[in-house]
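The values are calculated or read from the model by the stated rules, or taken from the named source; none is laboratory data. This is a predicted model, so every value here is computed, not measured. Glycine gets a Cβ as well: all are built from the backbone with ideal geometry, and neighbour counts include every protein chain shown.
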């Protein structure tokens, strides 16, 4: 009897002194740009089980599993990310009034250690869903009658972009001749945002001390300045988004002198469904129109919800058709060669966007970068360089500024090319041009050199053409063969501007 009593007393003591992790916790991580990155842990403990939510940047996880005890818990959190499930694992331990947290972004990544403190209940929770407007047609801004050309900061600089880097890119566009070739937009991607002031106006962070002065500098070079935001509370990198401030932010951009807005879905996915996208993007389309300033509107939502069908209706000038590109041949080819079926949705003022150029970032060789440019030109894709323009080799500069390739991309008819023939690893694409000529691109996607030959009739010609110009070498080619043929290196392309007999 005494032994049983002792056991009951021992269990009672464990319950009395058990720590409780229930509550709202915040991790505040000051960044060099003057912003504070916050992560929120809304936890509820019942015995040895913990439930709740974790919000970090654009991500909003639900705690789906927990194990351990009050001294050291392992939390597994998950969220639906597109069509796949994203998971994160956290080790949490209560030490005094602090919650010690550790995690890894990937299994092979360094351990990240954080300290969280209790905060106001509800702080950090996803904001309430705002009502969406009824759908209507946003008037066309009549911009981008040919695909936009310029430079974007993300592929090379990512979060390191600052005022100096943007000014340097503007200088380089002029000094290298890229501006003369048509590259006029200097676009700041994510991580420029600071906090909002007392009136809710968005401020730039320490990296951009005077956005209006920066716009004036860029305009003084005969160029245009672009900026980035998201319809969600946070951007992809976890900075302040435009959620609930659409009209206010559009007015701020106009006051600064902004000429281009890239609007990235990211954090909005935690509040809205894909079926809401058109109305969500319409809100910013209306807001930009109301400013009275001509601002190119770039929809970045990764080709979800068939954006090409409604992009023009929300005032969009271009819309992403795929996920993010990487600086590899496989990534570029997977994206570029998947676009043929979307050609009919593009037209002057409204363009399919297979993402920015990786030319010059080092992940592909010069032959593959020529293929990258050839394919984007055939697609009538926006040409937004993403490399370090101040340190561009003559070889890369020649690829980016090739006048014949750019002329194909910028052709005024605005008709993207389509795949005409595919045989194993080789493909031939054809694009109608405004002057009656046609661009013909021969691609070798294989690992070794290939001899490609295809009848002109299979490319839609009723009679073989008589003349062609090689877009990369600028050489004139006299045609007298019923076949279009070329020897193409691995991952290479031959790009011809074909003229002569009527089709």
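Results, tabulated for the structure shown:
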read-out	value
Matching residues, region 369-405, being in a helix (DSSP H, G or I), surrounded by fewer than 21 Cβ atoms within 10 Å (Cβ to Cβ) and either touching a residue at least 60 places away in the same chain (Cβ under 8 Å) or in the same structural domain as residue 495 (by TED's automatic domain parsing) (or both)	390, 397, 403, 404
Yes/no for residue 61 being within 25 Å of residue 267 (Cβ to Cβ) and in a strand (DSSP E or B)	yes
Subset of region 22-57 (residues that are at pLDDT 90 or above, surrounded by 16 or more Cβ atoms within 10 Å (Cβ to Cβ) and in a loop (DSSP other than H, G, I, E, B))	33, 35
Residues of region 131-158 satisfying the condition of being over 24 Å from residue 379 (Cβ atoms), within 22 Å of the chain's Cα centre (by Cα) and surrounded by fewer than 18 Cβ atoms within 10 Å (Cβ to Cβ)	158
Residue ranges of helices (runs of 4 or more DSSP H) in region 230-339 with at least 3 members within 25 Å of residue 155 (Cα to Cα)	246-256, 329-336
Filter pass, residue 205 being at pLDDT 95 or above and either touching a helix residue (DSSP H, G or I) at 6+ places or on another chain (Cβ under 9 Å) or closer than 30 Å to residue 81 by Cβ (or both)	yes
Filter pass, residue 193 being in the same structural domain as residue 318 (by TED's automatic domain parsing) and over 25 Å from residue 320 (Cβ atoms)	no
Residue list for region 299-324, filter: in contact (Cβ under 8 Å) with a residue 60 or more places away in the chain and farther than 16 Å from residue 342 by Cα	313, 314, 315
Residue that is touching a residue at least 24 places away in the same chain (Cβ under 8 Å), more than 34 Å from the chain's Cα centre (by Cα) and either in the same structural domain as residue 400 (by TED's automatic domain parsing) or closer than 26 Å to residue 332 by Cβ (or both), where the choices are 452, 433	452
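Residue-wise test of (1) closer than 24 Å to residue 160 by Cβ; (2) surrounded by fewer than 24 Cβ atoms within 10 Å (Cβ to Cβ).
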position: 208; (1), (2): yes, yes
position: 241; (1), (2): yes, no
position: 247; (1), (2): no, yes
position: 273; (1), (2): no, yes
position: 278; (1), (2): no, yes
position: 288; (1), (2): no, no
position: 303; (1), (2): no, yes
